[in-house]
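Asker: A single structure is presented below for examination.
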Amino acid sequence: MNQLIMLLKGLDRKILFLALAGLLLLLNLGRLSLQAYSNQVAEVEEKQNLLAQYQETVNQLPALKKRVARLEQKSNKMDKYLFSGSSEEEVSSAMQIMLQEQVTKVGLEPESIRPMVSGGTKTATRDYHEISIKIRLSGTLSQFVDFISQLYRSDKLFQVESFTLKPYKKSEMKIFIDLKGYYTLKNA
């Protein structure tokens, strides 16, 4: 230890400071090199993760294409069951005519079939709308049952919201039905 102290006293201070500065510079360069290396390793790991995600997505692509095709097919089937027209008035008129035909076909007497044009409601994915329809009829219970069965066998989508049956004459009744008809608008 004493020898080291003697050696340091014998050296010039300038040389000692230069050696110390060189040593610090060398250590700093080592630290910067390690930091650059760790940054490059992190970039490589990030690129590997992105590549793995890309490969996973590419592997899922055929299944996603099949799913999209199935959803498009379901959408087309659904569109087949909806009324379509260029305006809500046109669609409500078509619904009214169809219901009038079905009512007279089963032998009921229509008193009124009134669509309630309201502007419709949109769903999040497509422009499906609905129209409320109020129907007032008179006839027998079996005619009413035939009408309901014809309505649900038809190729257009209706939903019975409510109905009321009231006796009328001896064997007839007054029938009040609230329906919802569904439609989509074509672009004009």
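The values are calculated or read from the model by the stated rules, or taken from the named source; none is laboratory data. It should be emphasised that the depicted structure is a prediction, and the values quoted were computed from it without experimental measurement. In this analysis, Cβ positions are derived from the backbone assuming ideal geometry, glycine residues included, and neighbour counts consider all displayed protein chains.
Asker: Given the condition among the small types (Gly, Ala, Ser), in a strand (DSSP E or B) and under 26 Å from the mean Cα position of the chain (by Cα), answer yes or no: does some residue in segment 138-146 qualify?
Answerer: No: zero hits.
Asker: To continue, here is another question. Within the group 149, 138, 118, 142, which residue is at pLDDT below 90 and among the small types (Gly, Ala, Ser)? Give the steps one after another, and end with the answer.
Answerer: Working: 149 fails: at pLDDT below 90; 138 fails: at pLDDT below 90; 142 fails: at pLDDT below 90.
On inspection, the qualifying residue turns out to be 118.
Asker: Looking at 42, 69 in this structure, which one is assigned to a helix (DSSP H, G or I) and either over 30 Å from residue 91 (Cα atoms) or at pLDDT 95 or above (or both)?
Answerer: 42
Asker: What do you reckon, is residue 58 loosely packed, with under 10 Cβ neighbours inside 10 Å and more than 30 Å from residue 183 (Cβ to Cβ)?
Answerer: Values: loosely packed, with under 10 Cβ neighbours inside 10 Å: yes; more than 30 Å from residue 183 (Cβ to Cβ): yes.
Considered against the rule, which asks whether it is loosely packed, with under 10 Cβ neighbours inside 10 Å and more than 30 Å from residue 183 (Cβ to Cβ), residue 58 comes out as yes.
Asker: Follow-up. Of the residues 29, 7, only one is surrounded by 10 or more Cβ atoms within 10 Å (Cβ to Cβ) and either modelled with pLDDT under 95 or over 56 Å from the mean Cα position of the chain (by Cα) (or both); which?
Answerer: Details: 7 fails: surrounded by 10 or more Cβ atoms within 10 Å (Cβ to Cβ).
One residue alone meets the criteria, 29.
Asker: Pick out the one residue from 52, 94 that is in the same structural domain as residue 156 (by TED's automatic domain parsing), free of Cβ contacts under 8 Å to residues at least 12 places away in the same chain and surrounded by 10 or more Cβ atoms within 10 Å (Cβ to Cβ).
Answerer: Working: 52 fails: in the same structural domain as residue 156 (by TED's automatic domain parsing).
From the options 52, 94, the qualifying one is 94.
Asker: Shifting gears a bit: Filter segment 148-188 for residues that are in contact with a strand residue (DSSP E or B) (Cβ under 7 Å, 6 or more places away or on another chain) and of a type in the set (Phe, Trp, Tyr); which is nearest to residue 90 (Cα to Cα)?
Answerer: 183
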